[in-house]
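Worksheet: one structure, shown below.
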Amino acid sequence: MPQDLSIVQLLLHASWVVQAVVLLLALMSVISWAAIFRKVFALKRVNAHNEDFEREFWSGANLNDLYAAAAQSARHGGPMERIFASGMREYHKLRERHISDTGALLDGARRAMRASFQRELDALETNLSFLGTVGSVAPYVGLFGTVWGIMHAFTGLAALAQVTLATVAPGIAEALVATAIGLFAAIPAVVAYNRFATDIDRVANRMETFMEEFSNILHRNLGQQAPHATASGH
């Protein structure tokens, strides 16, 4: 009578070490898929918020009005809006201290935006290292289970007087299941890691471009205010 070599039966008859490896890989796969779905929705939400804010920013709205709106919706806004708000906040604080040096004002706003940018980038990269770890470690964990399973199978065959393919096949198949599940956990994690890393780089470049453009706008505004201040002094 042929033996049942289905994956479930193979796992049920596998050694406890192989079963533990498979359970660990299954847990890693579930967690990585949860992280993938969260990251997909998070990046969609970030891109939508950034596009909405950029559209409003370049529509010619007053910077102070935009800052007031961004300060009120700091938690619910997008990364670009929070970066803008941090730059404007520092700019206003320096102006309140009666700092009139253009370089100091711009440097302060840039530093505040850069710090906010780094916080937003760290938030975007959450769970990315976990996906990279799963993608690199899972195949080796599965290989460990396979090697252990093969060792266990050959140890059991050593007591048999006659070894045939029918007696070898179940033990080898049990061991190879661990490698298969390791690849099943690793491949989606690697694909998702590469895709998310590219998407996050694109978002980061877009935010850095915005910071430069906003800094140029502040510089132009300060340049326009300087002649007025000089004229009023005369």
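The values are calculated or read from the model by the stated rules, or taken from the named source; none is laboratory data. Model, not experiment: these values are computed from the prediction. Here Cβ is always computed from backbone atoms with ideal geometry, including for glycine, and neighbour counts include all displayed protein chains. The protein model used for the area step is the full one, side chains on, heavy atoms only, and it has no ligands, DNA or RNA in it. Shrake-Rupley method; radii C 1.70, N 1.55, O 1.52, S 1.80 Å.
Here are the numbers for the structure shown:
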quantity: Integer Hz, Karplus 6.51/-1.76/1.60 couplings in order for segment 97-107, x for Gly and Pro; calculated: 7, 6, 7, 9, 5, 4, x, 5, 5, 5, 5
quantity: LEU183-PHE154 FRET efficiency (beta carbon distance; Förster radius 30 Å; 0.05 resolution); calculated: 0.80
quantity: Solvent-accessible surface (1.4 angstrom probe) belonging to LYS93, in square angstrom, nearest 10; calculated: 90 Å²
quantity: Kirkwood Rh and Cα Rg combined as Rg over Rh, evaluated for segment 35-118; calculated: 1.05
quantity: Ranked order, TRP33, TRP16, TRP58 - accessible area, probe 1.4 Å, largest first; calculated: TRP16, TRP58, TRP33
quantity: Rounded accessible area of ARG38 (nearest 10 Å², 1.4 Å probe); calculated: 130 Å²
quantity: TYR67, TYR91, reordered so the largest accessible area comes first (probe 1.4 Å); calculated: TYR67, TYR91
